[in-house]
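I have placed the structure first, in the form of C-alpha coordinates, so that the comments after it can refer back to it.
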Amino acid sequence: MRRLTLLVAAVAAAALVWFLAVPAIANHYGWATRWPLRMPGTIHFRGRAYGHPGGCVAKSHTPFVAHRAVRVGAVSVVIGADIPILESEPSRHGPADVALATQPSGKCYIVYSLEGGP
(Lines give C-alpha, C1' and ligand atoms only; values in the text may rest on other atoms or scores of the structure.)
Protein backbone atom coordinates (compact mmCIF):
# COMPACT_ATOMS: atom_id res chain seq x y z
CA MET A 1 0.00 0.00 0.00
CA ARG A 2 2.86 2.35 0.83
CA ARG A 3 4.44 1.78 -2.61
CA LEU A 4 1.16 2.54 -4.34
CA THR A 5 0.81 5.78 -2.37
CA LEU A 6 4.36 6.80 -3.30
CA LEU A 7 3.73 5.94 -6.96
CA VAL A 8 0.52 8.00 -7.05
CA ALA A 9 2.30 10.92 -5.35
CA ALA A 10 5.19 10.74 -7.85
CA VAL A 11 2.83 10.67 -10.84
CA ALA A 12 0.84 13.61 -9.42
CA ALA A 13 4.06 15.60 -8.84
CA ALA A 14 5.27 14.85 -12.38
CA ALA A 15 1.91 15.96 -13.84
CA LEU A 16 2.00 19.16 -11.79
CA VAL A 17 5.55 19.94 -12.97
CA TRP A 18 4.51 19.23 -16.57
CA PHE A 19 1.49 21.55 -16.45
CA LEU A 20 3.21 24.38 -14.56
CA ALA A 21 6.88 24.33 -15.54
CA VAL A 22 7.23 22.80 -19.01
CA PRO A 23 4.98 25.28 -20.89
CA ALA A 24 6.75 28.25 -19.26
CA ILE A 25 10.21 26.87 -20.06
CA ALA A 26 9.17 25.97 -23.62
CA ASN A 27 7.73 29.47 -24.17
CA HIS A 28 11.01 31.01 -23.00
CA TYR A 29 12.91 29.12 -25.71
CA GLY A 30 10.27 29.65 -28.46
CA TRP A 31 8.88 26.11 -28.40
CA ALA A 32 5.26 24.98 -28.27
CA THR A 33 3.69 22.22 -26.17
CA ARG A 34 0.88 19.96 -27.33
CA TRP A 35 -0.52 18.84 -23.99
CA PRO A 36 -1.52 21.32 -22.77
CA LEU A 37 -1.50 23.08 -26.13
CA ARG A 38 0.48 26.30 -25.73
CA MET A 39 2.09 28.37 -28.45
CA PRO A 40 5.13 30.56 -27.71
CA GLY A 41 4.55 34.29 -27.25
CA THR A 42 7.30 35.08 -29.76
CA ILE A 43 8.67 33.11 -32.69
CA HIS A 44 11.87 33.87 -34.61
CA PHE A 45 11.81 33.51 -38.39
CA ARG A 46 14.29 34.75 -41.01
CA GLY A 47 16.17 36.74 -38.39
CA ARG A 48 13.10 38.65 -37.13
CA ALA A 49 10.88 38.34 -34.09
CA TYR A 50 7.11 37.88 -34.42
CA GLY A 51 4.76 38.22 -31.45
CA HIS A 52 1.09 37.50 -30.98
CA PRO A 53 -1.19 39.54 -28.74
CA GLY A 54 -4.26 37.32 -28.96
CA GLY A 55 -5.45 33.78 -29.02
CA CYS A 56 -6.99 31.38 -31.44
CA VAL A 57 -8.84 32.75 -34.49
CA ALA A 58 -10.83 31.04 -37.23
CA LYS A 59 -9.53 30.80 -40.79
CA SER A 60 -12.11 33.40 -41.82
CA HIS A 61 -10.19 35.97 -39.74
CA THR A 62 -6.84 35.33 -41.47
CA PRO A 63 -5.37 36.33 -44.85
CA PHE A 64 -5.98 32.71 -45.96
CA VAL A 65 -9.55 33.57 -46.95
CA ALA A 66 -8.36 35.39 -50.09
CA HIS A 67 -4.89 33.87 -50.49
CA ARG A 68 -3.50 30.34 -50.41
CA ALA A 69 -1.49 29.39 -47.32
CA VAL A 70 2.13 28.37 -47.95
CA ARG A 71 4.26 26.58 -45.37
CA VAL A 72 7.49 28.53 -44.85
CA GLY A 73 8.81 27.07 -41.59
CA ALA A 74 7.83 25.36 -38.35
CA VAL A 75 7.56 26.01 -34.62
CA SER A 76 9.33 23.28 -32.65
CA VAL A 77 7.23 21.28 -30.20
CA VAL A 78 8.54 19.73 -26.95
CA ILE A 79 7.01 16.31 -27.73
CA GLY A 80 5.44 15.59 -31.10
CA ALA A 81 5.45 16.93 -34.64
CA ASP A 82 6.33 20.55 -35.38
CA ILE A 83 3.56 23.10 -35.97
CA PRO A 84 3.80 24.77 -39.40
CA ILE A 85 4.44 28.48 -39.92
CA LEU A 86 2.33 29.71 -42.83
CA GLU A 87 2.35 32.85 -44.94
CA SER A 88 -0.25 34.00 -47.44
CA GLU A 89 2.23 35.49 -49.91
CA PRO A 90 5.78 34.62 -48.85
CA SER A 91 8.64 36.85 -49.91
CA ARG A 92 11.87 35.10 -50.81
CA HIS A 93 14.27 37.63 -49.31
CA GLY A 94 12.67 39.90 -46.74
CA PRO A 95 10.79 39.24 -43.55
CA ALA A 96 7.07 38.63 -43.67
CA ASP A 97 4.67 41.30 -42.43
CA VAL A 98 2.61 38.59 -40.73
CA ALA A 99 3.41 34.96 -40.06
CA LEU A 100 0.79 32.47 -38.99
CA ALA A 101 1.28 29.31 -36.98
CA THR A 102 -1.54 26.80 -37.08
CA GLN A 103 -2.58 24.74 -34.14
CA PRO A 104 -2.84 20.99 -34.67
CA SER A 105 -6.61 21.01 -35.04
CA GLY A 106 -6.39 22.92 -38.32
CA LYS A 107 -9.43 24.99 -37.31
CA CYS A 108 -7.53 27.41 -35.12
CA TYR A 109 -4.83 29.87 -36.17
CA ILE A 110 -2.49 31.97 -34.06
CA VAL A 111 -1.57 35.23 -35.84
CA TYR A 112 1.96 36.50 -35.26
CA SER A 113 2.87 40.09 -36.24
CA LEU A 114 6.29 41.49 -37.01
CA GLU A 115 7.86 43.20 -33.98
CA GLY A 116 10.25 46.12 -34.10
CA GLY A 117 11.73 47.97 -37.05
CA PRO A 118 14.18 47.00 -39.76
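Things to note:
- Within the accessible area of the chain (1.4 Å probe), percent carbon and sulfur: 62 percent
- With helices as the sole contributors, the chain gives -7000 deg cm²/dmol at 222 nm; each DSSP H run of n ≥ 4 counts as -39500 (n - 2.57), and the sum is divided by every residue.
- Using C-alpha pairs below 8 Å separated by at least 6 residues, the relative contact order for the chain is 23 percent.
The values are calculated or read from the model by the stated rules, or taken from the named source; none is laboratory data. Here the structure is a predicted model, which is why all the values come from computation and not from measurement. These accessible areas exclude ligands, DNA and RNA; they are computed on the full protein's heavy atoms, side chains included. Shrake-Rupley method; radii C 1.70, N 1.55, O 1.52, S 1.80 Å.
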